[in-house]
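Asker: Sharing a structure with you now.
The values are calculated or read from the model by the stated rules, or taken from the named source; none is laboratory data. Quick caveat, the model's predicted, so the values are computed rather than measured. In this analysis, Cβ positions are derived from the backbone assuming ideal geometry, glycine residues included, and neighbour counts consider all displayed protein chains. We work out accessible area using only protein heavy atoms, side chains counted, and drop any ligands, DNA or RNA first. Shrake-Rupley method; radii C 1.70, N 1.55, O 1.52, S 1.80 Å.
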Amino acid sequence: MMLKPDPHIIAHRGMSGLYPESTLRSFEEALKLDGVHGIECDVRLTRDGRLVVHHDPFINRTSDGAGRIAKMDFEHIRTFNFGTKEDPQQIMLLDELLDLLEDYPDKHIYIETKHPTRYGPEVDEQTVRTLWYRGMKEDPRVHLISFSHTAMRYFKQVVPDLETFYLFRLREMKWNKNNTMFSRPYGVGPALAHLRSKQELLGYRGLKTYTWTVNLPKDMLWCREKGVDAFATDLPHLAVDVFREHPITPVSAG
Ligand code: G3P
Ligand code: CA
């Protein structure tokens, strides 16, 4: 029997199952964990053009403030608490998250650019500019992910050395019957439920497979069994434990 390697464990919005998502605390706790490959984060632009780490377009769910990020200035968003009362946290700039990553040179980052409803390329351009000025445009620890073919194509053009994952949606199989990979990503990233229901997406067109969000031990082991290359999880510590408790190589007695 061929033994499959463990998939890379990627902490989704940091260790977001235990700490407030997308905060310094959440990312730092994930980065400290042995066995974790890296962190996943979402980036958005503020009204004044700053690239912040946040999933939702609004800050209502994750902070004690309210409003749409694209319509607020960074210094204003910075005044709100994204952590807890006991452990207050501020919204982070992508630059600050990359500063943190410098302390963990063996860890990777998967940056997802989030686009406003009316698609604009600014968030992709700003992300690339940030990486470029930091000397990270060829850094093998940086991976770019997106639901947008346009973003993927842009990344391929301007930062061809960075690995990209296209977050594949099932509905694409309806309008794209020939399964053309328009943007030529390095890998595809369907949601776990889609991957389980359409297993032809595993190693789709010979590309790497990334999936999200894998929070149950049985799904983590399923990913390994099916040869998934990487998965994002809110519970990276659990994934580390699961693979430790179920090693791929037989453990010799004594
Ligand atoms: O890692 C990909 C995944 O994060 C995409 O979905 O909504 O959590 O950004 P979402
Ligand atoms: Ca994301």
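Asker: Name the single residue that is nearest to residue 142 (Cα to Cα) among those in the range 1-21 being touching a Phe, Trp or Tyr at 6+ places or on another chain (Cβ under 7 Å) and within 11 Å of ligand 2 (Cβ to nearest atom).
Answerer: Per the stated criteria, the residue is 10.
Asker: Also, I was wondering about something else. So residue 99 ticks every box in (1) under 30 Å from residue 60 (Cβ atoms); (2) within 16 Å of ligand 2 (Cβ to nearest atom) but one. Which box is left unticked?
Answerer: (2)
Asker: Could you run through the range 89-131 and say how many residues are of a type in the set (Asp, Glu), within 10 Å of residue 43 (Cβ to Cβ) and in contact with a Lys or Arg (Cβ under 8 Å, 6 or more places away or on another chain)? Walk me through it before giving the result.
Answerer: We begin by selecting, within the range 89-131, every residue of a type in the set (Asp, Glu); these are 95-96, 99, 102-103, 106, 112, 122, 124-125.
Narrowing further to those that are within 10 Å of residue 43 (Cβ to Cβ): 112, 124.
Next, only the ones that are in contact with a Lys or Arg (Cβ under 8 Å, 6 or more places away or on another chain) stay: none.
Number of matching residues: 0.
Asker: Being open to solvent by less than 60 Å² (accessible area, probe 1.4 Å) and either among the polar types (S, T, N, Q) or more than 15 Å from ligand 1 (Cβ to nearest atom) (or both) is the filter here, so list the residues in the range 98-115 that pass it. Can you show your working first?
Answerer: Of the range 98-115, the ones open to solvent by less than 60 Å² (accessible area, probe 1.4 Å) are 98, 100-101, 104, 107-115.
Those that are open to solvent by less than 60 Å² (accessible area, probe 1.4 Å) and either among the polar types (S, T, N, Q) or more than 15 Å from ligand 1 (Cβ to nearest atom) (or both): 98, 100, 101, 104, 107, 113.
Asker: Residues of the range 191-225 being on the phi > 0 side of the Ramachandran plot and surrounded by 14 or more Cβ atoms within 10 Å (Cβ to Cβ), which ones?
Answerer: Start the filter on the range 191-225 by keeping residues that are on the phi > 0 side of the Ramachandran plot, which leaves 203, 205-206.
Passing the criteria: only 203.
Asker: Next up: Counting only residues that are away from ligand 2 (no atom under 16 Å from the Cβ) and in contact with a Pro (Cβ under 6 Å, 6 or more places away or on another chain), give me the helices (runs of 4 or more DSSP H) lying completely in the range 154-254 with at least 1 of them.
Answerer: Numbers: elements: 172-175, 192-197, 217-225, 236-245.
Ranges flagged: 217-225, 236-245.
Asker: Only one of (1) under 18 Å from the mean Cα position of the chain (by Cα); (2) within 16 Å of ligand 2 (Cβ to nearest atom); (3) modelled with pLDDT of 95 or more fails for residue 36. Which number is that?
Answerer: Single failed check for residue 36: (2).
Asker: Right, something else. Residue 151 - would you say it is over 22 Å from residue 214 (Cβ atoms) and small (Gly, Ala, Ser)?
Answerer: Numbers: over 22 Å from residue 214 (Cβ atoms): yes; small (Gly, Ala, Ser): yes.
So residue 151 fits the description; yes.
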